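Here the structure comes first, spelled out in structure tokens, and everything after it is commentary.
A short reminder: the numbers here are calculations on the coordinates, not readings from a lab. It should be emphasised that the depicted structure is a prediction, and the values quoted were computed from it without experimental measurement. All Cβ positions, glycine included, derive from the backbone under ideal geometry; neighbour counts span all protein chains shown.
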Amino acid sequence: MPHNVSGKPTACLALADGTVFYGQGFGAPGRTVAELCFNTAMTGYQEIMTDPSYAGQAVTFTFPHVGNTGTTEEDEEAADPVAAAMIVKWNPTEPSNWRATDTLSNWLAKRGRIGMGGVDTRRLTRAIRQQGAPHVAIEHNPDGVFDLEALVAQARDFKGLVGLDLAKEVSCVQSYRWDEMRWAWPDGFKKQENPRHKVVAIDYGAKRNILRSLASSGCEVTVLPATATAEEILALNPDGLFLSNGPGDPAATGKYAVPAIKSVLEQSDIPVFGICLGHQMLARALGAQTVKMNHGHHGANHPVKDQETGKVEITSMNHGFTVDSQSLPDGVIETHVSLFDGSNCGIRMTNRPVFSVQYHPEASPGPQDSYYLFERFAEAMAARQAG
């Protein structure tokens, strides 16, 4: 049992290889299965838990103090947590923050999500790095009674994320308009009242702060479901197309997303900007391939080099699949690479304003190094409107 668990364990984490971790449960009681990843961000646990890109995953936080600032509805990236569970080193303390409206444990409990504290997260992170993102079963039982054989069996039975289309599950069901801009002191969220560009955003699991960043860049945003066709997109006569972040295997989502993107590129010359899963969808539409990573990239401190300027940006990332840069076709170049492992982090077409990045340039909370990409998208739309 980890040294910092006091009293009887009330939570249990079982890996598919039979390894078991005990800890203290918080949030909702129950049992869940998921792929386990780790996130190295020091802030933003609420945004991480509500990021739709984490569908099907449980998150180990490498930063030991999680829960200190409580929770507030203003910081949610989606209506409910999407990550299956959270694993942390220290049990959350009472929050100390003027914006807090609830404790982390209460917030998770109300939304049916499991929390587990008192875990040796360094050991767990090493296991993830060495063997790849493992399949796990997590149980929070206040009575402290666990059927270990059943938990390990459930972890082994989990099919994983390869071949899984999760974008449909987290996408909106019908289209809607978005005009809320980024949070700014002291007014909070203001509305975009003088938009200059009409943008269609495809929702593969869009975070609210991405839509806010588009609005703050002068865009009137119409959000369409992940399954939107080229005809539905072009019927709105947009000035630009945005492809959002999202969860799951890009090859599975690509079965319906790739034909739609290809058709838009063939029928229209509008600028296209993609991030995260949207980046992978664009790459596949242009003829490249995607592959599953060992343990993925999850954190807010990932250095990325802009190959065209030499500039290094510190970025926020959350992805378990990557674009195979060796598969990029003629007319498409690699623009950004990870300085951690050299994996692809950005592409663009050489002859038109169609580009995408693997990371999350809206990064709320920070870093803000990559916000210029939204402005680049707006400038490309302005240039087309002027031309």
Problem set entry | Degrees, to the nearest 10: 121-131 long Cα axis against longest axis of the chain | 60 degrees
Exercise. For the chain, what is the charge dipole size about the Cα centre, in debye to the nearest 20, if Lys and Arg each add +1 at the Cβ and Asp and Glu each add -1 at the Cβ?
Worked result: 380 debye
Seminar exercise, completed: GNM of the chain, Cα pairs under 10 angstrom: of ASP324, ASP143, ASP187, the biggest fluctuation goes to ASP187
Exercise. Taking Cα centroids, how far is segment 350-387 from segment 257-293 in Å?
Worked result: 15 Å
Exercise. Against the longest principal axis of the chain, how steep is helix 148-157, in degrees 0 to 90 to the nearest 10, with axes from Cα atoms?
Worked result: 20 degrees
Exercise. Within a Cβ distance under 14 Å of THR121, other residues only, what is the Lys/Arg minus Asp/Glu net charge?
Worked result: +4
For this session: Using a cut-off of 12 Å between beta-carbons, work out the net charge of the residues near ALA133 (Lys and Arg +1, Asp and Glu -1, ALA133 not included).
Result: +1
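Compare the peptides 313-321, 144-152, 222-230 by average per-residue count of other Cβ atoms within 10 angstrom and give them in order, highest first. Walk me through the intermediate numbers first.
Details: 313-321: 24.4, 144-152: 14.9, 222-230: 19.2.
The most tightly packed comes first, giving 313-321, 222-230, 144-152.
Go ahead and run the numbers for FRET between THR40 and TYR256, Cβ-Cβ distance against an R0 of 41 Å, rounding to 0.05.
0.80
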Seminar exercise, completed: Helix 250-267 sits off the longest principal axis of the Cα atoms of the chain, rounded to the nearest 10 on a 0 to 90 degree scale, by 10 degrees
For this session: Have a look at VAL223, THR315, GLN154 and report the one farthest towards the positive end of the charge dipole of the chain, computed about the Cα centre with Cβ charges (Lys/Arg +1, Asp/Glu -1).
Result: GLN154
Problem set entry | Long-range HN-HN contacts of THR290 with modeled amide H, under 5 Å | ASP324
Problem set entry | Cα-projected label distance for VAL20 with ASN68, points at 7 Å along beta-carbon direction, nm | 3.4 nm
Seminar exercise, completed: As straight-line cross-link partners of LYS159, the qualifying lysines (C-alpha separation under 25 Å, not fewer than 8 residues apart within one chain) are LYS168, LYS255, LYS292
Seminar exercise, completed: Among [x] 22.6, 75; [y] 20.8, 70; [z] 26.6, 87, the value of Rg and Dmax of the Cα atoms in Å computed for this structure carries the label [y]
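Kindly provide the Kirkwood hydrodynamic radius of segment 1-141 in Å, to one decimal, from all pairs of distinct alpha carbon atoms. Mind dumping the intermediate values first?
On the way: mean 1/r = 0.0680 Å⁻¹.
When all Cα pairs of segment 1-141 are included, the Kirkwood radius is 14.7 Å.
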Seminar exercise, completed: Of the candidates GLY7, MET281, LEU166, the farthest towards the positive dipole end of the chain (Lys/Arg Cβ +1, Asp/Glu Cβ -1, centred on the Cα centre) is GLY7
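Which value, in debye to the nearest 20, gives the size of the charge dipole of segment 112-260 about its Cα centre, when Lys and Arg are +1 and Asp and Glu are -1 at the Cβ? Write out the running numbers ahead of the final one.
Details: 18 positive and 18 negative charges, 112 e Å.
Rounded to the nearest 20 debye, it is 540 debye.
Using a Förster distance of 51 Å, how high is the FRET efficiency between GLU149 and LEU236, based on the Cβ-Cβ distance and rounded to 0.05?
Numbers: r = 54 Å, r/R0 = 1.06.
E(calc), rounded to 0.05, equals 0.40.
Of the peptides 10-19, 281-290, how do they stack up when ordered by the mean number of other Cβ atoms within 10 Å, highest first?
281-290, 10-19
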For this session: Using the Cα centre as the reference, give the magnitude of the dipole from point charges on the C-beta atoms of segment 209-353 (Lys, Arg: +1; Asp, Glu: -1; all else neutral), rounded to the nearest 20 debye.
Result: 260 debye
Seminar exercise, completed: Once Lys and Arg are counted +1 and Asp and Glu -1 for all other residues with Cβ under 15 Å from that of GLY240, the total becomes +1
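Packing-wise, with mean Cβ within 10 Å as the measure, how do 238-249, 337-348, 30-41, 52-63 rank, highest first?
Values: 238-249: 26.2, 337-348: 19.8, 30-41: 21.4, 52-63: 24.2.
Ranked by mean Cβ neighbours within 10 Å, highest first: 238-249, 52-63, 30-41, 337-348.
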Exercise. For the charge dipole of the chain, defined by +1 on Lys and Arg C-beta atoms and -1 on Asp and Glu C-beta atoms about the Cα centroid, which residue among ILE114, GLN192, MET293 has the Cα displaced farthest towards the positive pole?
Worked result: MET293
Problem set entry | Cross-link reach list, lysines versus LYS89, counting only Cα pairs under 20 Å and skipping chain neighbours closer than eight places | LYS8
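Would you calculate, for the chain, the mean residue ellipticity at 222 nm contributed by helices, counting each DSSP H stretch of 4 or more residues as -39,500 (n - 2.57) and dividing by all residues, to the nearest 500? Each step should come with its number before you reach the end.
Working: 10 runs with 93 residues, N = 387.
Calculated at 222 nm, the ellipticity per residue is -7000 deg cm²/dmol.
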Exercise. Any idea how far the Cα center of segment 99-156 sits from the one of segment 1-64, in Å?
Worked result: 3 Å
Seminar exercise, completed: Here P(r) for segment 111-181, Cα-Cα distances in 5 Å bins, as whole percents, is 3, 10, 12, 18, 20, 13, 8, 8, 6, 2, 0
